[in-house]
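Data first, discussion second: the structure below is written as structure tokens.
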Amino acid sequence: MPRFFSALILCLAIVLCNTSTTLAAGPATDQDLVGAWRLVSIETIRPNGEVIYPFYGKHPEGLLIYDRSGWMYVQIVSDPKPTVPRSSSREGFLSASAEEKVAAMNGYYAYYGTWTFDVSAQTVIHHIQQSLSPGENGSDGVRRLLLKGNHLTHSAKTHEMGEDHERRLVWERVGAHQ
């Protein structure tokens with residue numbers, strides 16, 4: 001019987017330690033978001049649960065930065081990456097054909113602005129000042145978030161392609177010199 005009680009106490013201690021660690025972690029704060037984040041994935045979830053990749057492909061690349069002063073920016077390059085126009089200068093881009101410009105723009109997305117964080121709702125709001133998509137200028141993008149270790153997940157509801165979707169972006173914190 002003493003072994004039983006010892007084992008029971010040990011199990012309770014493990015459960016309590018794990019519970020207190022989880023509770024101590026608590027909700028994310030604005031300071032948890034500050035820094036650079038590398039894009040891991042973008043998924044679009046249809047109402048039936050099907051995951052699709054309509055805009056960025058299965059392996060896009062990107063960078064998201066939140067700074068302490070309240071500024072943010074995001075850049076995403078689709079998969080496959082744009083390959084035209086093949087100029088390394090702005091002048092070369094401007095002289096490219098309309099088809100090449102369309103291909104380049106369809107494979108790239110970016111915006112910048114300020115950000116605020118609602119700790120009680122666990123949402124971050126991107127106050128978009130300028131976007132590659134001009135219709136977004138001056139708008140607010142609300143993203144629910146989940147911060148787990150070095151991974152940040154943004155999710156938002158959207159209506160596109162004639163139905164409601166959830167867009168889920170997973171980011172990984174970028175360490176020094178990565």
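Brief remarks on what is shown
- Multiplying the residue separation of GLU166 and GLU43 by 0.36 nm and removing their Cα-Cα distance gives an extension gain of 43.5 nm.
- 3J(HN,Hα) along the range 127-137, derived from phi through the Karplus expression 6.51 cos²θ - 1.76 cosθ + 1.60 where θ = phi - 60°, amounts to 8, 6, 8, 9, 9, 4, 9, x, x, 8, 4 Hz, with x in place of Gly and Pro.
- Förster radius 35 Å - calculated FRET efficiency between HIS151 and LYS101 (Cβ-Cβ, nearest 0.05): 0.50
- Rounded to whole numbers, the Karplus 3J(HN,Hα) couplings from phi for the range 54-59 are x, 10, 10, x, 7, 9 Hz, using 6.51 cos²θ - 1.76 cosθ + 1.60 with θ = phi - 60°, and x at Gly and Pro.
- The GluC sites (Glu not before Pro) of the range 29-109 meeting both criteria, a DSSP state outside H, G, I, E and B (loop) and at most 15 other C-beta atoms within 10 angstrom of the site's C-beta, are GLU50.
- Extension gain for VAL142 to GLU61 (0.36 nm times residue separation, less C-alpha to C-alpha distance): 27.0 nm.
- Magnitude of the charge dipole for the range 29-167, about its Cα centre and with charges confined to Cβ atoms of Lys, Arg (+1) and Asp, Glu (-1), is about 300 debye.
- Evaluating 6.51 cos²θ - 1.76 cosθ + 1.60 at θ = phi - 60° for every residue in the range 33-42, the Karplus couplings come out as 8, 4, x, 9, 10, 9, 5, 9, 6, 10 Hz, glycine and proline recorded as x.
Each value in this text was obtained by applying a stated rule to the coordinates, not by laboratory testing. Keep in mind it's a predicted model, so treat the numbers as computed, not measured. Backbone-built Cβ (ideal geometry, glycine too); neighbour counts: all protein chains shown.
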